[in-house]
Amino acid sequence: MRANTRKLTTAAVCTALAILLCVCTAYLPLSVMPLYLAALCIFIACRRCGVVYGLLCAAASVGLMFLMTGLSVKWFVFLFMFAPYGIATSFAHKFDYFRLKRGIVRGLIAAVYFNLTFGMIYVLAVKVTGVGLDVPVADWAGKLGGYYVLALIATAVLVPLDVVFTGLSAVLLRYVPAIKDKKRRPPASDSGVAATDGDTRYDIFGYETKRSVETFESGQKGESGEKDETSVDGENKPDDEKNGRADGLGE
């Protein structure tokens, strides 16, 4: 199977899982937690297939969720927080919580990111489209003591989720193999005969085989054996001298 086909298949599976989780969020009383797992699907698509496939996965998930929920707080959370989160973490995957310094940096980045996106969602939900939303964000903020208290609670919940996200993604990436582009055979010439690349051999699908590597290694061993039969001054010894040394007649 070609690398592009494998990438497309993996991205399609990630997109299907993300859409399924969006359906659970739209039609089941599960709050926004399935969107957190949908961000994990987008992350895997970015890491194993490339950022382009990850963006397509995020766009398809966000678009289909809008068709299911319309303008809602859940859709705003997925659009501004979790979908970009799955893409952004693919670039910050080296900052994990398995080491102290990296964990501190990752925690600070996550806190800043979640506060910025939460503030954007709050402004859109309360100031711009506050009528007809599925979640009364303004009422929640009023009961808890204002926006800053609500933002502090959201940060206290979302940053530990980022720790879980890092560990879960590390486990899942072990079961999703990396997709690498193999070296293809040179294109055919004008005469219709496939061009060759030295001693390189290819299989029926046009990919480089391991036999070419073995042939190259055996050739190097043969050259080293021939060098052992040379004299001190670098000249090849005659055959009769070699044979004489073998049967005791070379003296």
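The values are calculated or read from the model by the stated rules, or taken from the named source; none is laboratory data. Fair warning: this is a prediction, and the values are worked out from it, not measured in the lab. Cβ sites come from the backbone with ideal geometry, for glycine too, and all protein chains shown count toward neighbours. We work out accessible area using only protein heavy atoms, side chains counted, and drop any ligands, DNA or RNA first. Shrake-Rupley method; radii C 1.70, N 1.55, O 1.52, S 1.80 Å.
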statement: Only one of (1) of a type in the set (Val, Ile, Thr); (2) open to solvent by less than 40 Å² (accessible area, probe 1.4 Å); (3) without any contact (Cβ under 8 Å) to a residue 60 or more places away in the chain does not apply to Val51, and that is (2)
task: Identify, by number, the condition in (1) closer than 21 Å to Val164 by Cβ; (2) part of a helix (DSSP H, G or I); (3) out of contact with any Cys (no Cβ under 9 Å at 6 or more places or on another chain) that Asn4 doesn't meet.
output: (1)
task: Please determine, by comparing only the residues of the stretch 147-182 that are open to solvent by 100 Å² or more (accessible area, probe 1.4 Å) and of a type outside the set (Asp, Glu), which one is modelled with the lowest pLDDT.
output: Lys182
query: Yes or no: Cys57 of a type outside the set (Gly, Ala, Ser), closer than 12 Å to Ser169 by Cβ, open to solvent by less than 40 Å² (accessible area, probe 1.4 Å) and part of a helix (DSSP H, G or I)?
result: no
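Per-residue answers, yes or no, for (1) at pLDDT 80 or above; (2) surrounded by 14 or more Cβ atoms within 10 Å (Cβ to Cβ); (3) among the acidic types (Asp, Glu); (4) closer than 25 Å to Arg47 by Cβ:
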{"residue": "Phe78", "(1), (2), (3), (4)": "yes, yes, no, yes"}
{"residue": "Met81", "(1), (2), (3), (4)": "yes, yes, no, yes"}
{"residue": "Lys101", "(1), (2), (3), (4)": "yes, no, no, yes"}
{"residue": "Val112", "(1), (2), (3), (4)": "yes, no, no, yes"}
{"residue": "Met120", "(1), (2), (3), (4)": "yes, yes, no, no"}
{"residue": "Asp139", "(1), (2), (3), (4)": "no, no, yes, no"}
message: If the requirement is being within 30 Å of Thr10 (Cβ to Cβ), modelled with pLDDT under 90 and outside any helix (DSSP H, G or I), which of these qualifies: Asp134, Asp190, Asp197?
response: Asp197
